[in-house]
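A quick write-up on the structure given underneath.
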Amino acid sequence: MPEHPEPKAPALSSVFQRVHKDVWSGALFALLSIAVILKSRSYSIGSLSHMGSGYFPAMIGVAMLLVGVAIGAGGWLARPARVEKPAAPPEWRAWFLICLSLLLFVTFANHLGLVAATFATIFVSALADRGNTWRDAAGLAAAIVVFGVVVFWWLLKLPLPLFTWE
Amino acid sequence: MIWQSVTDLWYGFGVALQPQNLMWSLIGVLIGNLVGVMPGMGALSTMSMLLPLTYSMHPVPAVLMLAGIFYGSMYGGAIGAILLNLPTHAPHAITCLDGYPMTRMGKGGVALSITMMSSFFAASTGIIIMVFASPLLVKVAFEFGPAEVFAVMLLGLLAGSTMARGSPLKGGAMTLLGLLIGVVGTDSNSGEERFTFGLPELTDRVELVALAMGLFGVAEFLRNVNRLKFAGAEMKVTFRDMRPSTQDLKRSFLPILRGTMVGTVFGAMPGTGPTITTFIAYALERRIARDPSRFGQGAIEGVASPEAAAHAKTQLDFIPTMSLGIPGDPVMALLLGALLIHGIQPGPMLITEHADIFWGLVASFWLGNVILVLLNVPLIGIWVKLLRIPYRYLFPSALFFIAVGVYSSNNSLFEIYEVLFFGVVGALLMALDFPVATILLGYVLGPLVEENFRRALVLSRGDPMVFFERPLSAAFMVACILLVAGQLFFLLRGTARRKAVQLNA
């Protein structure tokens, strides 16, 4: 590992860490379940003997609500008991680049072709790792482009043009 | 009956030995072995990456290859656990406890060869049981109506979520989330679109490959980036180091038998993954050992028994997956998904209708295990070297393979958005300590659960007692209730104990 600066907890995350993780998990889950239940009501519910398309999802939603509340309550009760190990510092730059690399694949595959999409995906995601320099990323991307073209385009006949301009 | 099984098996060997099938099985085993050794790459992500490649293949080699990846990775995982103290694969977490101390004592090679022996023995036992038990199970399976199918699937879902690592409640939450994701798409009964949010690409369900790659690929990369450099260190294992002494063999003989037994008993229970069996096997060995203090210091029994249990369980897991259509764990769920994609409905009819797949698979297990033993002896040195591929090269390349793999499954770029979505969601859920693997279980079983639930209640005219009136279904429902009650009991007892501790302190 490259030398990490000691994780200094910023003000916001200390608020989050003061409450047990499970409280957040439960709350998140309960919120999602309410959305599911509301959405299910827009489909026909029907009766037990003739279930509409909303019945089963509504059932899942109710079960999710129960489980979510139980998780949250458990976390609340366990609050003072557990000392969680300090979380690793967030990797916003890396996370952003990894997500961006997949979005670039879609955009470039649509408009520029397989070669550009491959290069962009690997170049951008490789930069997410602090151990890679620009040159490392470009080298890795170039190598995988060659490999990708041979294997996927030439051998497996992937129906994407190598180069295009749209 | 037994004679029938033997002739069927003979036929299976004929299928598995066809050059094309043998080749794909070998490729699967090799790839699985490789990814099993490497951290940050699991059988699940690899199988989902290679799933699209199998679309154009004949179903038999496709399934043989996917299954090969699975048990190949089981062998590979033990290597990382023993030599580097790295549990790359959950069932091998226990193997680290005594395997790595053995390596530090210079007996890593012995630990590896004992592991291979116990794996091979246990897998063979599992296969034999599979051969003879499957036809019996099929007989039972023919009695299954919608109520029984629903009840047994409910049991599988409950067992899968409570036996997963971590809190059973959170496992249950993930199973429910999986069921919900399984609902997305067109309702098969009414034709109504559910949870598609107006996106035409979602009417045909969420793509299995995209879901699996998001959860087990992208989510892992998001979590590991800049936190994992590479696993390996310099390590040399020669052929001579691997020869166990007679004392080693004597010591591990009974643990292998006991481990196999534990794996077999749990093999019959759907939803209990191989991880739990290894914990039980290890605990059993420690309990009956004359000197329990040796455990954790490099006791060979602590390697032999859990490994045997994991491999026996792994083989037996294929029985409910293939003959009832109920996967025991997420890997099996993925395999089940692959069968469905190839238009093969797992269930009691599979063994008779697709005899080539079933018996070919059984025979290929044996061949695959022989190949693995032969391969691993000379290849261990190479695996150890491969452990030193830096993660900073590994994950960008894997991201590209994921993108191409998902695209090629339906020639649709939209599914890459799905991958990204599930990757971010998966990373978030993992950060909150949710066991995301059970999502896959819920997703694969979801439509079958809903279908059978609806059908059973249509037949009973809306009377929910139908699940308790038919004997088989009632038995499964009782098992479900016992499972939940047992979990509640442990939960309450745990809380009570913790309170007592706090009061005393």
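Some observations on this one:
- Estimated distance in nm for a label pair at residue A:50 and residue A:92, the labels positioned 7 Å out from Cα along Cα-to-Cβ: 5.6
- Per-residue shielding of B:462-474, expressed as the average number of other chain Cβ atoms within 10 Å of the residue Cβ, stands at 1.
- Set of the stretch A:23-49 residues, backbone N closer than 17 Å to the point 7 Å along the Cα-Cβ line of residue B:461: A:47-49
- Partner chain coverage, peptide A:61-73 - average Cβ within 10 angstrom: 3
- Other protein chain Cβ atoms within 10 Å, averaged over every residue that makes up B:409-415: 2
- Length gained when the stretch residue B:139-residue B:53 is fully extended (0.36 nm per residue, less Cα-Cα span): 27.5 nm
- Normalised by residue count, the protein assembly as shown yields a Cα convex hull volume of 174 Å³ per residue.
- Two numbers describe the Cα atoms of the stretch A:16-77: Rg and Dmax, which are 14.2, 48 Å.
- Spacing of the modelled spin labels on residue B:192 and residue A:66, each 7 Å from Cα toward Cβ, amounts to 2.3 nm.
- 10 Å Cβ shell holding at most 14 others, DSSP loop, chymotrypsin sites (Phe, Trp or Tyr not before Pro): longest site-free stretch of chain B: B:240-505
- Close amide H contacts of residue A:46 (hydrogens built in the peptide plane, cut-off under 5 Å, sequence separation of 5 or more or a different chain): A:52.
- Sparsely packed loop sites in the stretch A:106-166 (the trypsin sites (Lys or Arg not before Pro) outside DSSP H, G, I, E and B with at most 11 other Cβ atoms within 10 Å) comprise A:157.
- Computed from the Cβ-Cβ distance with R0 of 56 Å, the FRET efficiency linking residue B:489 to residue B:411 stands at 0.60.
- Ellipticity at 222 nm from helices only: DSSP H runs of n ≥ 4 in chain B, each -39500 (n - 2.57), divided by the residue count, give -24000 deg cm²/dmol.
- Rounded to whole Å, sorted largest first: equivalent-ellipsoid semi-axes of the stretch B:97-189, Cα gyration tensor: 38, 24, 11
- Amide N proximity, the stretch A:56-80 versus residue A:27 label position 7 Å along Cα-to-Cβ, cut-off under 20 Å: A:64-80
- A DSSP coil position with no more than 15 other Cβ atoms inside 10 Å describes the following trypsin sites (Lys or Arg not before Pro) in the stretch B:406-505: B:461.
- Once backbone amide H atoms are built at 1.01 Å from N, residue A:113 has A:164 as its partners under 5 Å, excluding neighbours fewer than 5 places away on the same chain.
Computed from the coordinates by the stated procedures, all read-outs in this text should not be read as laboratory data. Because the structure is predicted, anything quoted here is derived from the model rather than measured. Backbone-built Cβ (ideal geometry, glycine too); neighbour counts: all protein chains shown.
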